[in-house]
Amino acid sequence: MTRQFVSLDKRGTPALDRRRGGRATERMVAATAIGLAAAFVALALLSIVLTDNALGAWVPVHLLLAGAATTAIAGLMPFFSAAITNAPAAPGWLRFGAVIAVALGALLVVGGRIVSPGLVGGNSWLAGVGGMVFIVGLALVGAATLVPLRLAIGSRRTFFGLVYGMALVNVICGATLASLLLLGWLPALQDWPALKPAHAWLNVFGFVSLVIAGTLLHLLPTVVGTRIRDTPASIVACVAVAAGPPVAALGFITNVDVLAQMGAATLVCGAIALAIYTGDVIHRRARWTTDANWHLFSTTSLAAGVAWFLIGSLIAAWSVFMGGATTSAWQLAPLIAPVLVGWVGQVLAGAWTHLVPAVGPGLAQRHARQRQILGRGVMVRLALLNVGVTLMVIGNLGIPMLLAVGGAAVLAAAVGAMLLLGLALAQHDEPALAHPMG
């Protein structure tokens, strides 16, 4: 009889069992976060169809950013932090708690504003409480992401700790400004014309864009099948995207044009550097021989998303250089297509296309079926989304027909992506067959 020896920790727990349990928890957290993010995307699409609301674009924008993007980040940022730096993962309860708190907070904020669109009176306190829950969730995300880095090895520990830490500081500051407004704090109500652009820059560029940019340094080479390596472009990309938004936000708060413009210019430099890094990674990509459509969609989505990030950064920076540190320098409408859809939405779709079969729960057969499902209609979906975003960007220059056609194309691509994701997540492992000998 063959004996199997396994190492034990100080409490006598087999290391092999701990590893398997930890891996299962990582998969469940990732699947939960992606599933909730998909639900927020579905709600955002529904809110676009049901356009009869007093808040206009505010509802779908916050469902996509505070809901879908931040919930996905809450579940995946601790995973990437541990994977990139070879650090032990945070406890499962902490990661689950972070995902649930962020999702619940975002839902309460949006629901509270729908119930009471006004910022004062009524049920506006519900949105304010949601903002506080959201901030607590972000603090849990910070703990799950940064605390394990104390035991990490290698030079990347400090770099990614600073990148992710700066992103969390930015979003907590931006969410706090909005929460104080929703809770009716008088200084926030009085100064909101200056605080609103700061809130937007901290959340859209200082948090969501920074986390995506930092994660792409690891995720993009993994998706295309090449070696992960640090380059001057990758370092400049993260440093500039980390530094630009808070400087711009400070410029809006203090009403100093030069600060706002310096921050905007720095962001553009970071977007250019990220595009250079992306081009280098794509040039070194592997030539896959299996699941070609699945690889094509995830790779193209991430690369196209970076291109739209550069375009959106240029549009945002142009507004700041033309308007200075004023409320008019933040215009949401021109940024919805390139930043929210082309950048955030497309990278989110590309990431879940890769991650659901790669790190989601299940066995090899289930993952194979998921890759086949998520690889359906690749060229049509990519064309609808990116041509649609292009038409929307041009349409915002004053051509309503192009804006409507582009919006319809984007909506069709989003609905298709959601249906395929739902079908992929619904897959189950095949039951094990009994051994013929009993």
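The values are calculated or read from the model by the stated rules, or taken from the named source; none is laboratory data. Fair warning: this is a prediction, and the values are worked out from it, not measured in the lab. We place every Cβ from the backbone using ideal geometry, glycine too, and count neighbours over all the protein chains shown. These area figures cover heavy atoms from the full protein model, side chains too; ligands, DNA and RNA do not enter into them. Shrake-Rupley method; radii C 1.70, N 1.55, O 1.52, S 1.80 Å.
Confirm whether Gly375 is over 24 Å from Val247 (Cβ atoms), out of contact with any Leu (no Cβ under 7 Å at 6 or more places or on another chain) and at pLDDT 90 or above.
So Gly375 fits the description; yes.
What is the residue count in the range 64-90 for residues that are outside any helix (DSSP H, G or I) and either in contact with a helix residue (DSSP H, G or I) (Cβ under 8 Å, 6 or more places away or on another chain) or among the charged types (D, E, K, R) (or both)?
Adding up the residues that qualify gives 4.
Could you tell me how many of the residues in the range 416-435 are surrounded by 14 or more Cβ atoms within 10 Å (Cβ to Cβ) and either of a type in the set (Val, Ile, Thr) or not in a loop (DSSP other than H, G, I, E, B) (or both)? Full working, then the answer.
Here is the first cut: in the range 416-435, the residues surrounded by 14 or more Cβ atoms within 10 Å (Cβ to Cβ) are 416-418, 420-425, 427.
If we keep only those that are either of a type in the set (Val, Ile, Thr) or not in a loop (DSSP other than H, G, I, E, B) (or both) as well, we get 416-418, 420-425.
Residues flagged as surrounded by 14 or more Cβ atoms within 10 Å (Cβ to Cβ) and either of a type in the set (Val, Ile, Thr) or not in a loop (DSSP other than H, G, I, E, B) (or both) within the range 416-435 amount to 9.
Do we have any residue at all in the range 394-408 that's in a helix (DSSP H, G or I), open to solvent by less than 30 Å² (accessible area, probe 1.4 Å), in contact with a Gly (Cβ under 6 Å, 6 or more places away or on another chain) and of a type in the set (A, V, I, L, M, F, W, C)?
No; the residues of the range 394-408 include none that is in a helix (DSSP H, G or I), open to solvent by less than 30 Å² (accessible area, probe 1.4 Å), in contact with a Gly (Cβ under 6 Å, 6 or more places away or on another chain) and of a type in the set (A, V, I, L, M, F, W, C).
Search the range 177-195 for residues that are over 16 Å from Gly131 (Cα atoms) and pair each with any residue that is modelled with pLDDT of 85 or more and hydroxyl-bearing (Ser, Thr, Tyr) when their beta-carbon atoms are under 6 Å apart and the residues are at least 6 apart or on different chains.
So the pair list comes out as Pro193/Thr327.
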